[in-house]
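The values are calculated or read from the model by the stated rules, or taken from the named source; none is laboratory data. Since the structure is predicted, the reported quantities are computational estimates derived from the model, not experimental observations. Counting neighbours? That spans all protein chains shown, and the Cβs are built from the backbone with ideal geometry, glycine included. Protein only, heavy atoms only, side chains kept; ligands, DNA and RNA dropped before computing areas. Shrake-Rupley method; radii C 1.70, N 1.55, O 1.52, S 1.80 Å.
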Amino acid sequence: MMNSIYRLNWPLLGRLFWSFFKMGPVTFGGGYAMIPVFHQEVVEKRGWLEEEEVTDLFAIAQSTPGAVGVNASVFVGYRIAGLSGALAALLGVLLPTFLIVLVLSMAFLAVRDQPKIKAAFLGIRPAVVALIVYAGIRVGRTAIKDLATLVTAAGVLVLLIATGINPVFALLMGMAVGMVIVPLRLRWTGTDVLAGRPGKTGRYVEDYFFGDGI
């Protein structure tokens, strides 16, 4: 038992914990508002994921029970360092939020009727909308590749707005469309959209292999 503890990659676990610890306090508005910060830290700074993998990651995080941001953090942690990495990322993303909510919940009742507090929340709400829209644009650059994916995205968006269907069903619809279109395109045009692009076959970061997708 002690030997397995000593064999853990503590520097890597520390980086995972600290990376997600920094994300927690600045992700107002839920998991999708987290995407810009997530992308900057995980893709641009740390190089733990490719940009295309972020889209798949948040799709999986949305389709599983629980908060999107927490699920995404656990998936990244597990991808990088196994079970111990998942635990480090989970603690990192939850701890600051827990502490902040604990403090605010004790203070909020005393100041909730203050005009400045009300004004601050009125300003935070549209800022959160801007973050979510920006995240959608960043994800769309990698997810919408051609007319078929554009039509799929537009169709699912219209259904979500018009019917309010569960997001899980929206993801299942996207999966079904992909499973139909990709084989048909390969048969009719000989284009394999699943083939990796040159130079994207994988790379080593922190002694782990990347490039196979989430």
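Would you tally the net charge around residue 43, using a Cβ to Cβ cut-off of less than 11 Å, leaving residue 43 out, and scoring K and R as +1, D and E as -1? With Lys, Arg at +1 and Asp, Glu at -1, the neighbours total -3.
A crude spin-label estimate for the pair residue 104 and residue 177, with each label 7 Å from Cα along the Cβ direction, gives 3.5 nm. Length gained on full extension, residue 117 to residue 44, computed as 0.36 nm times the residue gap minus the Cα-Cα distance: 22.8 nm. Using C-alpha pairs under 8 Å with a sequence gap of at least 6, the mean separation divided by the residue count of the range 68-113 gives a relative contact order of 27 percent. Computed over protein heavy atoms with a 1.4 angstrom probe, the accessible surface ordering of 179, 34, largest first, is 179, 34. Treating r as the C-beta distance of residue 95 and residue 128 and R0 as 25 Å, the FRET efficiency rounds to 0.70. Rolled with a 1.4 Å probe across the full set of protein chains, the surface gives residue 185 an accessible area near 60 Å².
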